[in-house]
Amino acid sequence: MIGVYQQEKVDHFTIVNDVMKKYLNQNSQSAGSFKLPKDAYNPLRQQYDAMRILNHIAGKDGLRFDLRLGLVDVDIYSQGMNFMFGLADPLKKTAIVSTYRLRGEKENERISKEIIHEIGHLLGLGHCSRPKCVMYFSNTVTDTDKKGINFCNDCRSRIE
């Protein structure tokens, strides 16, 4: 069971639930909303530290969940990265996806791909060199648009 935590005023649970069932054969459950940790905001960058948000979600009572997924609608970054669409920590069994840079006419598809990508990391997958695989690294939203929503055969075989 995947627990889905959403930043206040974010409501993408239907997308998450559909993606989990259709592409990952997993069940998900809403775990409620949360406020962004105050120490996550970096005023110099005008962005939020993804790891601080991830740690905040990982620290929530999630004993009933096998994995945790957080959804936020703010611009996130990590050390060495200008921005990111998501972040996963397999040891904490927690991932986050930011919808901030995924907006536009393909927003739901983009969110779906990034959710699958981050859950893939939680399931032990790294980045894939195949541009059509959902585990391909997205450096831009165009990369996300070009990649597929499914795992390639090699990636799929490693999680089944």
So what are the three principal axis dimensions of the range 120-160 from its Cα atoms, in whole Å, longest to shortest? 29, 17, 15
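Can you give me the orientation-averaged projected area of the convex hull built on the Cα atoms of the chain, in nm²?
For the Cα atoms of the chain, the hull's average projected area reads 8.8 nm².
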What ³J(HN,Hα) values, in whole Hz, does the Karplus curve 6.51 cos²θ - 1.76 cosθ + 1.60 give for the range 67-83 when θ = phi - 60°, with x put for Gly and Pro? 9, 10, 10, x, 10, 10, 10, 10, 6, 10, 8, 9, 3, x, 10, 5, 6
Relative counts (whole %) of C-alpha pair distances in the range 78-134, using bins that are 5 Å wide: 4, 19, 25, 26, 20, 5, 1
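Where Lys and Arg each count +1 and Asp and Glu each count -1, what net charge lies around L69 among other residues with Cβ under 13 Å from its Cβ?
Around L69, the charge tally is 0.
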Residue span Y100 to D61: 0.36 nm per residue of separation minus Cα-Cα distance leaves a gain in nm of 11.4 nm
Amide H within-cut-off set for C152, under 5 Å, with H built and near neighbours excluded: V134, M135
With the dipole of the range 2-159 worked out from charges on the C-beta (+1 for Lys and Arg, -1 for Asp and Glu) around the Cα centre, which of S33, G104, M81 lies farthest toward the positive end? M81
Computed magnitude of the charge dipole of the chain (debye, nearest 20; Cβ of K, R +1, Cβ of D, E -1): 180
If you take the charge dipole of the chain about its Cα centre, with +1 on Lys and Arg Cβ and -1 on Asp and Glu Cβ, which of N153, N17, P90 is farthest toward its positive end? N153
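How much mean residue ellipticity at 222 nm does the chain get from its helices, if each DSSP H run of length 4 or more adds -39500 (n - 2.57) and you divide by all residues, to the nearest 500 deg cm²/dmol?
Calculated at 222 nm, the ellipticity per residue is -9000 deg cm²/dmol.
A short reminder: the numbers here are calculations on the coordinates, not readings from a lab. In this text, all values refer to a predicted model and were calculated from it rather than measured experimentally. Because the Cβ atoms are built from the backbone with ideal geometry, glycine has one as well, and the counts that use them run over all protein chains shown.
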